[in-house]
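Below is one structure; the comments refer to it alone.
The values are calculated or read from the model by the stated rules, or taken from the named source; none is laboratory data. Computed from a prediction, not measured in an experiment: that's the story for all the values here. All Cβ positions, glycine included, derive from the backbone under ideal geometry; neighbour counts span all protein chains shown.
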Amino acid sequence: MLKPQANETREMVNLDGLYRFQVDFDRAGHRQEWFKAPLETCLEMGVPASYNDVFPDKAIRDHVGYVWYQREVRVPRSWAGERVHVRLDSATHEGMVWVNDVLVAEHTGGYMPFSADITDHVTPGQAFRLTISVNNELTQATIPPGSITVTEDGRRQQSYLHDFYNYAGLHRSVWLYSTPAVTVDDVTAVTGFDGATGTVDYTIATAGGSGSETVTVSLKDADGVEVSRAEGAEGALVINDVVLWKPGAAYLYNLTAEIHDGGRLLDSYTLPVGVRTVEARGKEFLINGEPFYFTGFGMHEDHVAIGKGHSNAQMVNDFRLLDWVGANSFRTSHYPYAEEVMEFADRHGIVVIDETAAVGLHLGFGAVFGGIAKKTYVDGGVDANTAANHRQAITELVARDKNHPSVVIWSIANEPNGSEEGAREYFQPLAELTRQLDPTRPVGYVNVMFDTPDKELLGDLFDVIMLNRYYGWYLNNGDLETAEQVLEKELREWEAKYGKPMIMTEYGPDTMPGFHSIYEQPWSEEYQAAFLAMYHRVFDRVEAMVGEQVWNFADFQTSNGIMRVDGNKKGVFTRDRRPKPAAFALRQRWTALAGVKNGSDKTIAVTTTP
Ligand code: BDP
């Protein structure tokens with residue numbers, strides 16, 4: 001799915017800003033057709049942002065159901081003869097869009113864009129009423145799943161098995177954009193190189209044409225000099241003296257696809273392309289054929305007041321902090337991030353593990369929190385409905401992000417139940433689907449701590465082993481000596497079982513900023529630093545370890561619970577992005593590693609005995 005752009009054949013109007021805003025406490029909006037008239041409200045809400053923390057009102061923050069956004073939009077007069085579209089970069093978790101009285105789009109899945117061709121419902125030069133209803137409900141079939149209970153006095157309550165607050169609303173930009181009648185509908189670029197010669201295999205999908213049009217593709221380097229050209233909807237561009245996209249040293253070409261009818265330009269679309277390869281081979285993870293060692297974090301789109309709303313300034317701040325701390329990568333835990341984030345990573349050489357929103361597919365977790373351990377892969381649990389939505393989530397993610405050079409691994413789920421009967425039947429088709437949609441990138445899922453190598457059933461279905469481990473926190477709390485032994489033993493078992501590259505995708509303790517202890521007590525800043533240092537000693541001893549991503553980049557908001565104090569405190573930065581002492585220790589280690597295990601001499605020193 002192409003991100004809209006403005007160029008010589010296309011225009012865009014950004015629809016961010018203030019919207020009329022109404023909370024549908026009585027679930028009356030659809031029945032009463034609120035889209036047919038100005039909303040009866042005095043509330044306004046900024047877009048993009050989560051609405052939850054913007055109003056000092058518990059009822060709004062805890063609301064389970066629909067909220068409504070509305071504004072007037074004028075279609076530029078100059079768009080006569082063009083196709084007109086409205087696009088929402090996301091509506092969390094379900095959006096319905098009306099143009100005046102007409103429903104033009106419906107989409108479920110809170111972290112993916114969707115659009116509608118509204119040409120037949122609008123008039124260039126005239127204004128229309130844009131109304132959007134957004135539902136924040138999570139059910140057993142949604143991705144991520146959740147469940148709703150209704151109290152005796154009629155209040156709807158949402159619960160879910162993931163550890164981040166269920167922020168909702170229009171988290172990303174809203175656009176009005178034009179396309180010509182004949183369009184470039186999709187572009188797929190797959191890159192490779194042999195010595196100094198680079199290749200971009202491309203496929204251009206067109207729409208609205210008669211078949212008589214011609215497609216041309218050109219590639220310009222970063223200075224705007226054309227370096228390659230080809231004709232036809234499918235083909236290969238060859239680049240002499242190619243400059244590769246590398247971690248920490250991004251280089252982007254611009255691929256422009258044009259549709260011509262005779263001498264007339266009908267449509268044009270430009271896609272930045274980074275030439276690079278990725279491969280999981282043996283115990284190594286290779287980028288451009290060279291071993292790569294991931295350093296960085298699992299992150300969250302999470303900020304004070306705006307929640308999961310995208311903010312370019314906050315994004316730049318987060319990326320500059322990643323750079324400061326020496327991180328070369330991150331995981332989009334636990335959902336796809338805004339497209340601006342992916343583009344920024346492309347431009348700045350940051351490596352991304354791109355994750356679907358499939359988090360919480362583990363109904364046995366209930367027992368850990370004192371509840372009942374339910375079976376996961378049963379009807380009404382993680383079942384065929386979940387699988388259908390999971391397929392949609394994977395398909396949309398690959399369609400949106402397939403051309404980003406920064407993306408090197410698809411993570412199709414975080415901590416699903418990987419040891420119960422039914423897990424293989426559930427995940428095998430999804431792993432196959434992902435490979436079929438994108439044969440060029442390694443595929444993985446993130447393994448939960450209880451699913452040790454003797455129990456888990458999935459590792460052979462994937463190219464990389466991604467592990468979240470909390471020895472020294474949820475287990476062996478305060479006892480880093482034992483934790484170190486248990487961790488190393490387990491990592492060696494994984495290595496022996498699969499011989500695949502392994503990444504620690506989560507490790508870290510909750511840490512209260514300002515709490516100190518000479519005894520390295522849990523929750524102290526000293527404990528966080530000692531905990532991370534212990535894990536690093538172990539990683540350096542296990543050959544198959546190809547990466548470390550600390551949980552978490554920053555403290556983040558969660559639902560209420562006795563294990564959380566105003567959210568999860570495992571951040572290396574606080575929620576307002578101040579460093580805890582561990583940040584300085586990581587900075588030292590990661591700047592020295594610079595993406596190569598055990599330092600810059602590129603040799604992997606392995607100690608076989610603990
Ligand atoms: C892991 C989850 C992550 C949590 C983390 C934690 O993947 O989302 O925030 O644990 O408990 O199980 O901090």
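Residues that are in contact with a Pro (Cβ under 9 Å, 6 or more places away or on another chain) and over 24 Å from Thr108 (Cβ atoms) were ranked within segment 346-362; the one that is farthest from the ligand (Cβ to nearest atom) is Arg347. Filter segment 462-484 for residues that are of a type outside the set (Ser, Thr, Tyr), within 19 Å of Ser333 (Cα to Cα) and within 16 Å of the ligand (Cβ to nearest atom); which is surrounded by the fewest Cβ atoms within 10 Å (Cβ to Cβ)? Checking each candidate, the answer is Asn468. Number of residues in segment 194-208 that are touching a residue at least 12 places away in the same chain (Cβ under 8 Å) and surrounded by fewer than 17 Cβ atoms within 10 Å (Cβ to Cβ) equals 7.
Output yes when any residue across segment 79-86 is over 21 Å from Asn385 (Cβ atoms) and under 20 Å from the mean Cα position of the chain (by Cα), and no when none is. Among the residues of segment 79-86, not one is over 21 Å from Asn385 (Cβ atoms) and under 20 Å from the mean Cα position of the chain (by Cα), which makes the answer no. From the list Thr119, Thr92, Thr108, Thr123, the one residue that fits, being out of contact with any strand residue (DSSP E or B) (no Cβ under 8 Å at 6 or more places or on another chain), of a type in the set (Val, Ile, Thr) and modelled with pLDDT of 95 or more, is Thr123.
Name the residue, out of Leu322, Leu363, that is outside the structural domain of Gly248 (by TED's automatic domain parsing), farther than 28 Å from Ala583 by Cβ and not charged (D, E, K, R). Answer to the selection: Leu363.
Being polar (S, T, N, Q) and not in a loop (DSSP other than H, G, I, E, B) is the filter here, so list the residues in segment 94-125 that pass it. Selection gives Thr108, Ser115, Thr119. Restricting attention to segment 413-461, the residues being more than 18 Å from the chain's Cα centre (by Cα), within 16 Å of the ligand (Cβ to nearest atom) and either more than 22 Å from Lys374 (Cα to Cα) or not assigned by TED's automatic domain parsing to the domain that holds His390 (or both) number 0.
Considering the conditions (1) modelled with pLDDT under 95; (2) of a type outside the set (A, V, I, L, M); (3) in the same structural domain as Glu284 (by TED's automatic domain parsing); (4) away from the ligand (no atom under 14 Å from the Cβ), Pro579 is excluded by exactly one of them, (1). Among the numbered conditions (1) surrounded by fewer than 21 Cβ atoms within 10 Å (Cβ to Cβ); (2) without any contact (Cβ under 8 Å) to a residue 60 or more places away in the chain, the only one that Glu495 does not meet is (2). Here the condition is being more than 16 Å from the ligand (Cβ to nearest atom) and in contact with a helix residue (DSSP H, G or I) (Cβ under 6 Å, 6 or more places away or on another chain); of Val325, Val278, Val304, it holds for Val325 alone. Scanning segment 498-512 for residues that are surrounded by fewer than 19 Cβ atoms within 10 Å (Cβ to Cβ) and either at pLDDT below 95 or more than 16 Å from the ligand (Cβ to nearest atom) (or both) yields Tyr498, Gly499. Can you tell me which of (1) in contact (Cβ under 8 Å) with a residue 60 or more places away in the chain; (2) part of a loop (DSSP other than H, G, I, E, B); (3) crowded, with 16+ Cβ neighbours inside 10 Å is the one Thr376 doesn't meet? The single condition Thr376 does not satisfy is (1). Only one entry in Phe330, Phe365, Phe319 is within 16 Å of the ligand (Cβ to nearest atom) and either modelled with pLDDT of 95 or more or assigned to a loop (DSSP other than H, G, I, E, B) (or both), namely Phe330.
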